[in-house]
């Protein structure tokens, strides 16, 4: 990964510190002269981080799939973090943020106002009702209708589907992958919350199967959008996660990359980081990264969807945390976005 401005500043600070002590980096020969250093062989960086985009913080922005404009009955959109009234996470910022989830850090009034703004910008009719879940990282997919929204307590699960107009199915995320699906022939829709646990439990693949049973959907009539979420560039996981995927999917190994975690200060001043650990027992500069977006795309293909019917937005929420909420980038102290889909009444 290319060093950031922050990395360069850290290296410069160390250079100044060593300069004041009349020390320099690098190995020296017995005569005191510097020996040329051998070029360092970095481990391959399979997926570089995304470039941080400039955003207008005061403008409410919704990410849509342009190809879906061909079906005017279909309402959909992925929210971002800009253009709301919340100030809990960035109090110094002039404009508020669009937190759409009830969290301990934000007020109920702020969230309701943010949702009102979001639905207005989405262009959803005021009569449409928002349907949400208490998400539990499961493979549970629920079929809902107007009679299900009377209960004030949301159902537990991670997928919603309906064929009734006037309902707006919503999934909350802050790094996990949202997946929206529509049957353009039967006019049915579904929304899925796919973290790594839900993905390894095949929530999207099984969700398509449930649409086939409930609505008699044919895979060739389905269109899907994989929304913004944490990308393979930033999603470092442990070996236990790889073991879960490789035990479930024939292509499981293809979803993982060994990425070099470059640290400019560590590379320039290696003696500062020496430990008493035996060789081979320390950090070797590689981390295991998972491509959750690709994992869900492969599930959609296995479920029978046409490759050209699947749109991957591709934005990494951690790389672009000025545009999206990111649980990892902000160590859990962050808001929530909504990914919604519905049928106009």
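Read the figures in this text as sums done on the coordinates, not as results from a lab. If you're wondering where the values come from, they're calculated on a predicted model, not measured in any experiment. All Cβ positions, glycine included, derive from the backbone under ideal geometry; neighbour counts span all protein chains shown.
The stretch between residue 94 and residue 239, if pulled fully straight at 0.36 nm per residue, gains 48.0 nm over its current Cα-Cα span.
Ordered by the count of other Cβ atoms within 10 Å of each Cβ, fewest first, 321, 176 give 321, 176. For the stretch 112-185, relative contact order (Cα pairs under 8 Å, six or more residues apart, normalised by length) works out to 32 percent. Residue-normalised convex hull volume from the C-alpha trace of the stretch 151-265: 154 Å³ per residue.
Report the FRET efficiency, 1/(1 + (r/R0)^6), for residue 129 and residue 107, where r is their Cβ-Cβ distance and R0 is 25 Å, rounded to 0.05.
It comes out at approximately 0.65.
What's the FRET efficiency of residue 260 with residue 146 using the Cβ-Cβ distance as r and R₀ = 51 Å, to the nearest 0.05?
Working: r = 52 Å, r/R0 = 1.03.
With R0 = 51 Å, the Cβ-Cβ based efficiency is 0.45.
Viscosity 1.567 mPa s, temperature 4 °C: what is the translational diffusion coefficient of the stretch 116-173 from Stokes-Einstein with a Kirkwood Rh over Cα pairs, rounded to a whole number of µm²/s? Walk me through the numbers before you get to the answer.
Values: Rh = 12.1 Å.
Calculated translational D: 107 µm²/s.
Between residue 312 and residue 197, the distance separating the two model label sites (each 7 Å from Cα on the Cα→Cβ line) works out to 2.5 nm.
Across the stretch 151-220, the mean sequence separation of Cα contacts (distance under 8 Å, 6 or more residues apart), normalised by length, yields a relative contact order of 30 percent. At an R0 of 35 angstrom, the distance between the Cβ atoms of residue 54 and residue 220 translates into a FRET efficiency of 0.30. Extension gain, residue 121 to residue 186, is 20.7 nm, computed as 0.36 nm per intervening residue step minus the present C-alpha separation.
Would you work out if the stretch 78-205 is rounded, prolate or oblate? Take a ≥ b ≥ c from the square roots of the eigenvalues of the alpha-carbon gyration tensor; rounded if a/c is under 1.5, else prolate when a/b is larger than b/c, oblate otherwise. Prolate, since a/c reaches 1.5 and a/b exceeds b/c.
Oblate is the label for the stretch 145-211, because a/c, from the alpha-carbon gyration tensor with a ≥ b ≥ c as root eigenvalues, is 1.5 or above and a/b does not exceed b/c.
Between residue 136 and residue 87, 0.36 nm times their residue separation minus their Cα-Cα distance comes to what? Spell out each step's value before the answer.
Numbers: separation 49, 0.36 × 49 = 17.64 nm, distance 2.72 nm.
Extra length available between residue 136 and residue 87 comes to 14.9 nm.
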